[in-house]
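Data first, discussion second: the structure below is written as structure tokens.
No value in this document is a laboratory result; all are computed from the given coordinates. Since this is a predicted model, take the numbers as computed values, not measurements. Positions of Cβ are generated from backbone atoms using ideal geometry, with glycine treated the same way; all protein chains shown enter the neighbour counts.
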Amino acid sequence: MAYQSIELAVRDGVAHIALNQASSGNPFNEAFCREWLAAADELAGRRDVRAILLTARGKYFSVGGDINLFADSLDQLPQRIREWTGALHMGIARFARLDAPMVAAVHGVAMGGAVALVAGCDVVYAAGRAAFGAAYPTIGYSCDAGASKTLASRMGVARARRFLLCGEMLKAEQALGCGLADFVVDDAELGAIAEGMAQRLAGGPTRAFGEIRRLFGKVTQQSFEAQLEDEAQALAAVAATQDAREGIAAFVEKRRPNFAGR
């Protein structure tokens, strides 16, 4: 598929997704919402994707919602928001169901929905000059893009609520301190380091990664007993995979495993 708002390429097991509306700050507009779902559908249908690397082109990682677009259609905006979020949220949900872990590399400013998207990734790298903003209340809006869940999962409920209610702007080290980012690296090294992590994950046991992602996705939604049973069922399913057999064999033979993602 030819995309307008993103770039998507798969190389050596890593799906490289770059937000690609640099001239307008990589906004979350109608095209992006539609294409985020399309990208999720495309990757879900591929067997060669074992990790995902999310980056962005231009000065900003993303300015978040397209406020100029909002201003041009205030009377129709409620209905249009339902349409846009219908696609965006389905895309986010489908990315969350993939086996492939997601790595984000954030440079510059990330605002609003972009922060929610990044928070939903499994490993988040921030450049030293990166910043994360909770833009919603400053224009009188609540949150979307999974912010209430992904931010709470990373920062804790109380800290995430404060971040949103107070419209905070966090520098990279502050984001690291509250769990929103996992690593802060030099701006010049961001791309190479994040790429290295994506490649490392792409060489891992993809099916096991997928079960871990799904288990943590519902850890706050059910009882401890239900979580224990889901862990047992996931572990049993993974034990039947080729990678699990390879992992055991490699351990016994005292060598590095060669995982195939199956």
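Worth a mention:
- Packing-based order for 50-58, 112-120, 229-237, using average beta carbon neighbours within 10 Å, highest first: 112-120, 50-58, 229-237
- A simple packing score, the average count of other Cβ atoms within 10 Å per residue, orders the peptides 60-72, 143-155 as 143-155, 60-72, with the highest score first.
- As a calculated quantity, the FRET efficiency between H89 and A240 at R0 = 22 Å, using C-beta atoms, amounts to about 0.10.
- DSSP beta bridges confined to the chain are antiparallel in about 30 percent of cases.
- Geometric descriptor of region 206-252, per residue, is 69 Å³ (volume of the convex hull of the Cα atoms).
- Quarter of the Cα convex hull surface for the chain, i.e. its orientation-mean projected area (nm²): 14.9 nm²
- Relative to the dominant Cα principal axis of the chain, helix 224-239 is inclined by about 60°.
- Net charge dipole, region 6-202: roughly 440 debye, given to the nearest 20, about the Cα centre with Cβ charges of +1 for Lys and Arg and -1 for Asp and Glu.
- The equivalent ellipsoid of region 60-158 has semi-axes of 23, 17, 12 Å, largest first, where each one is the square root of 5 times an eigenvalue of the Cα gyration tensor.
- The alpha-carbon of K218 sits under 28 angstrom from the alpha-carbons of these lysines, leaving out residues fewer than 8 places away in its chain: K149.
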